[in-house]
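Only one structure is covered here, and it is reproduced in the block below.
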Amino acid sequence: MSSGDVEAGLEDEQASPTVSDLFLTFLRVAISGFGGALPFARRELVERRKWLDPREFNDLLSICQLMPGPNIVNMSFCLGARFHGVLGAAAAFSGIIVVPCIIAILLAALYLRYGQVPEVSGTLRGVAAAAIGLFVGMGMKMAYVERRSPHILVFALLAFLGAGPLGFPLPMVILVLAPFSIAAAWRWSK
Amino acid sequence: MMPRDPLLDLTLHVFFVSFLAIGGANAIIPELHRMAVESNGWMSDGTFADLFAIATMTPGPNVLLVTLIGWYVAGIPGAVLSTLVMCVPTGAAAYYMSRLSRKFQKARPRIAIQRGLAALTVGIVLASAFILMRSTAHDWVAYAITAAAAAVTIATKANPIVMIAAGAVVGALGFV
């Protein structure tokens, strides 16, 4: 693999993190990342720590988005493993996941106890309603970006209908639509 | 008949579902809902929506909904296993792809796959919103909050936490 020399060339000007740096930095990203950790990840990894230059960050992000799995979690694996192999991946992944999981479970345990209190259930309904709005807004923005690519919009609509109102299982929706969607992108995307 | 162990069912199902999370963990909400509410009856629609809200309120990656479903179904072992199974195989795959794809940055098949899957992601994110809306029994105040949050997301660069907090306040005051 030729990736080794690429990295060796970059090490002069870029910081190389230790295993505990990886853990602590991803922990910071995790607990500041409210409703999407990626902007915080960029600020930490590119601007503060300089582990990646902006172009490397974009390339890595596009892979993490293309591959299945939560994007920021994928990024923790990629960066951790790049710098310190399995140990680095474990450190970065623990940083991003452990504390948020503990907080979420504590909140959920409180919910089981106090979920019937009207103020609590009302708060949760309000939060869910707002979060659904974030999804709607995000989906519409993503669609708007593609306004000059009719094939993207057509397949987005088909995926929405299949996975949403029609209620087909997601594996079926993806397996049926993906070949045609990719073929269309092959034909019409530059 | 022997009752099936939910921990095993959960683990296998999440493992399978994790590979469908193209574009992020939000993309599998329809499938998580099918798994937890429709197919196995592990929880009600209302509980699913509440766990979604709790995951949203917690800082961190949005994979936390999977953690909470695991916790609700099978306690701490369920939380740990479902989180690991959700994240580790796909994370490892992403790493190997990141090493490979330095060579394929501009390759046409890669662009076609990326664009083709991105199209599906757009639709699935909107489908997630649809399914969550259906499972929360939206009244008109909830629709208004949803519409306002969507409008702010589209029109401004405001931090999402502002909308979440506003929704929490309106809900806590008993309007939803």
* So which residues in the stretch B:58-78 are at the interface with chain A (Cβ under 7 Å from one of its Cβ atoms) and within 19 Å of A:ILE31 (Cα to Cα), if there are any at all? -> B:THR58, B:PRO59, B:GLY60, B:PRO61, B:ASN62, B:VAL63, B:LEU64, B:THR67, B:LEU68
* Before we move on, is A:VAL99 more than 19 Å from B:GLY174 (Cα to Cα) and within 23 Å of the chain's Cα centre (by Cα)? -> yes
* Asked: Just one of the numbered conditions (1) hydrophobic (A, V, I, L, M, F, W, C); (2) within 17 Å of the chain's Cα centre (by Cα); (3) closer than 17 Å to A:LEU107 by Cα is not true of B:LEU84; which one?
  -> (3)
* Structure fact -> Going through the stretch B:1-42 in order, the residues found to be crowded, with 17+ Cβ neighbours inside 10 Å and basic (Lys, Arg) are B:ARG34
* To do: Return the total of residues in the stretch A:45-91 being in a helix (DSSP H, G or I) and either closer than 23 Å to B:ASN26 by Cα or in contact with a Gly (Cβ under 9 Å, 6 or more places away or on another chain) (or both).
  => 28
* Structure fact -> Taking the stretch A:43-87 and keeping only residues that are at the interface with chain B (Cβ under 7 Å from one of its Cβ atoms) and of a type in the set (A, V, I, L, M, F, W, C), one is left with A:LEU60, A:ILE63, A:CYS64, A:LEU66, A:MET67, A:ILE72, A:VAL73, A:PHE77, A:CYS78, A:ALA81
* Asked: From the residues in the stretch A:90-116 that are facing chain B (nearest Cβ under 7 Å) and without any contact (Cβ under 8 Å) to a residue 60 or more places away in the chain, which one is surrounded by the most Cβ atoms within 10 Å (Cβ to Cβ)?
  -> A:ALA104
* Residues (more than 7 Å from every other protein chain (Cβ to nearest Cβ), surrounded by 13 or more Cβ atoms within 10 Å (Cβ to Cβ) and β-branched (Val, Ile, Thr)) located in the stretch A:145-190 -> A:VAL154, A:VAL173, A:VAL176
* Among (1) within 14 Å of B:LEU126 (Cα to Cα); (2) of a type in the set (D, E, K, R); (3) surrounded by 17 or more Cβ atoms within 10 Å (Cβ to Cβ), the one test that A:ARG82 misses -> (1)
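No lab work stands behind these numbers, since they all come straight from the coordinates. Fair warning: this is a prediction, and the values are worked out from it, not measured in the lab. Every residue, glycine among them, receives a Cβ derived from its backbone with ideal geometry; neighbour counts consider all protein chains shown.
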